[in-house]
Structure formats: C-alpha cells, structure tokens
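Contents: one structure, followed by commentary.
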Amino acid sequence: MLPSLYEAVKGQPRQHTYIFIGFTDEEQGLVGSRFYVRQMTKQQVAVTDAMVNMDTLGLAPSEVWASHSDKRLTSALVNIARRLNFPITGVNVEQIGSSDGEVFAERKIPRITVHSLTQASWSAGVLHSSKDKISAIHPDDYCQTYDLLAAYIAFLDQVLGSPTPPK
C-alpha cells in the first residue's frame, strides 16, 4: 500500500513534506524504525508533525490501535472514516506485540497505527505463519483502507502544524 499512497500524493502540491518508509525487522525489536529515529536530529524531530504507521492491512476493515495512537490523529481518522461511510474501530493489540510507531512516541512525535488485525485473524494464526500470504487479504477491505488513508493524509496536510519551509 505504501507505494500506492506515494503515487497518489506525489503529483499533488502539498503544504508539508511526506517521507514514505518501509522499515525492516519490526518483529526482531523494531530494528529499522529504531535506527531511523535514533538518526533523527533534534531539528528533524521538531518539524515532524506525525507518524502514520500502517501495519497488517487488508485482513479486515480498518482499525486503529487507539491506546497507542495520538488522540488528535485518531479523532481525525475517525472523522474521515465517518465522512466516507467506512467502518473503523479501535482494536488494541498490546498482547500481540509492538509496532514501528512506538519508537516515534519515545521522541514525542505523535503517532497513529492503522491495522486490520482482528481476534479472528489472530486465532486463525495468519500472522507470521505459512498462512501469512496474499490470499489472506480481503481485497475490498484493503481497497477501502487505501481510500481511507489517502483521504486521511490529504486531510492531515491541511491541518497539521506549520508547513515545512521551502528548501
């Protein structure tokens, strides 16, 4: 989904700078995201308005890890979902593991994690098993999550912080 979202926003003028990153080794201790965040300068941290984390999408309709997401970012996502008439629920996944957004929170960067992990998919053993393959994805849920996230990042561009100064 990340490359598709990039393609959706790259041609449109934006007030803010977006950085699209696919982190490695989340399951081995957030290795990629932790390395990235540790390399950020104080100035980079100061101008980072949000981290939108996408994790395990397409297994069900969109969900947000509410207990580990910024309330303002969550409220905006819920409002966009309502406007689009898309279902969204808060499903907390502390018992399952962590996610790349957590290391951004350590640097006081607001974060939100959007996912689709349900009790059913967890009980079915889809994650990190031989069942973890493209056929487990529900195309309608995946497309709806894409539409929601595309609208969401466009909305955030209009409401978050002050724009990035031109270079």
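The values are calculated or read from the model by the stated rules, or taken from the named source; none is laboratory data. If you're wondering where the values come from, they're calculated on a predicted model, not measured in any experiment. Because the Cβ atoms are built from the backbone with ideal geometry, glycine has one as well, and the counts that use them run over all protein chains shown.
General observations
- Residues of the stretch 103-120 that are in contact with a Ser or Thr (Cβ under 8 Å, 6 or more places away or on another chain) and either loosely packed, with under 11 Cβ neighbours inside 10 Å or not in a loop (DSSP other than H, G, I, E, B) (or both): V103, F104, R111, I112, T113, V114, H115.
- Criterion violated by P3 - all others in (1) part of a helix (DSSP H, G or I); (2) at pLDDT 95 or above satisfied: (2)
- Residue match in the stretch 94-103 (condition: touching a strand residue (DSSP E or B) at 6+ places or on another chain (Cβ under 9 Å) and polar (S, T, N, Q)): yes
- Any hit, the stretch 146-154, residues being surrounded by fewer than 16 Cβ atoms within 10 Å (Cβ to Cβ), touching a Lys or Arg at 6+ places or on another chain (Cβ under 9 Å) and part of a helix (DSSP H, G or I): yes
- Of all residues in the stretch 24-50, those that are within 22 Å of L127 (Cβ to Cβ) and either in contact with a helix residue (DSSP H, G or I) (Cβ under 9 Å, 6 or more places away or on another chain) or surrounded by 13 or more Cβ atoms within 10 Å (Cβ to Cβ) (or both) total 8.
- Here S33 meets each of (1) in a helix (DSSP H, G or I); (2) closer than 18 Å to L156 by Cα; (3) hydroxyl-bearing (S, T, Y) with one exception, condition (2).
- Scanning the stretch 66-76 for residues that are part of a helix (DSSP H, G or I) and either surrounded by 15 or more Cβ atoms within 10 Å (Cβ to Cβ) or among the aromatic types (F, W, Y) (or both) yields A66, H68, L73, T74, A76.
- In the stretch 120-167, residue modelled with the lowest pLDDT [restricted to those that are among the acidic types (D, E) and under 19 Å from the mean Cα position of the chain (by Cα)]: D157
- When R82, R14, R38 are screened for being part of a loop (DSSP other than H, G, I, E, B) and either over 16 Å from the mean Cα position of the chain (by Cα) or among the β-branched types (V, I, T) (or both), only R14 passes.
- Matching residues, the stretch 41-65, being in a strand (DSSP E or B) and in contact (Cβ under 8 Å) with a residue 60 or more places away in the chain: M51, V52, N53, M54, D55
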